[in-house]
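Each remark here refers to the structure printed beneath this line.
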């Protein structure tokens with residue numbers, strides 16, 4: 001079980017690195033005016049999204065492995081774990097939204113201004129804080 005947890009944490013950290021950086025690329029893309037810069041951001045966004053999708057998929061897979069290895073017994077009485085899983089579902093939804101935004105930026109340009117992307121850039125930080133607190137403190 002220790003190996004499962006180690007791999008889960010490794011891929012969570014890798015996934016969050018992408019979730020922190022990709023919305024920042026959206027900010028830069030939304031403010032870019034030169035064609036060369038816009039193309040560079042499109043390439044960076046596409047490659048980063050592809051890598052963070054692999055990391056996110058493996059983070060979720062190893063998380064499911066942890067549940068299957070025995071944590072599922074604690075699920076009915078562990079409110080912290082239930083809430084954590086809900087927040088992970090929100091995080092997966094955010095990841096999928098980022099993928100849609102990567103495709104939109106590649107084809108039609110930014111649908112939002114840089115201010116929107118700056119605000120949305122904070123969501124992964126808030127989710128990470130809540131998930132880490134729930135997993136380490138287990139408040140209820």
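The values are calculated or read from the model by the stated rules, or taken from the named source; none is laboratory data. As the structure is a computational prediction, the values presented were derived from the model and not from experiment. Glycine also receives a Cβ, built like all others from the backbone with ideal geometry; neighbour counts cover every protein chain displayed.
Brief remarks on what is shown
- Subset of the stretch 95-109 [surrounded by fewer than 15 Cβ atoms within 10 Å (Cβ to Cβ) and assigned to a helix (DSSP H, G or I)]: 96, 97, 100, 103, 104, 107
- Taken over the stretch 110-134, residues that are in contact (Cβ under 8 Å) with a residue 24 or more places away in the chain and exposed (fewer than 13 other Cβ atoms within 10 Å of the Cβ) amount to 2.
- Some residue of the stretch 64-73 being surrounded by 18 or more Cβ atoms within 10 Å (Cβ to Cβ) and either touching a residue at least 40 places away in the same chain (Cβ under 8 Å) or in a helix (DSSP H, G or I) (or both): no
- The one condition in (1) out of contact with any helix residue (DSSP H, G or I) (no Cβ under 6 Å at 6 or more places or on another chain); (2) in a helix (DSSP H, G or I); (3) farther than 18 Å from residue 8 by Cα; (4) modelled with pLDDT of 90 or more that residue 86 fails to fulfil: (3)
- Residues in the stretch 117-136 that are within 17 Å of residue 101 (Cβ to Cβ) and either modelled with pLDDT under 95 or assigned to a loop (DSSP other than H, G, I, E, B) (or both): 121, 122.
- Within the set 70, 109, the sole residue that is more than 30 Å from residue 140 (Cβ to Cβ) and at pLDDT below 95 turns out to be 109.
- Test: residue in the stretch 43-58 that is buried (at least 17 other Cβ atoms within 10 Å of the Cβ) and modelled with pLDDT under 95: no
- Evaluation of residue 49 against (1) touching a helix residue (DSSP H, G or I) at 6+ places or on another chain (Cβ under 7 Å); (2) under 19 Å from residue 5 (Cα atoms) (one fails), failing number: (2)
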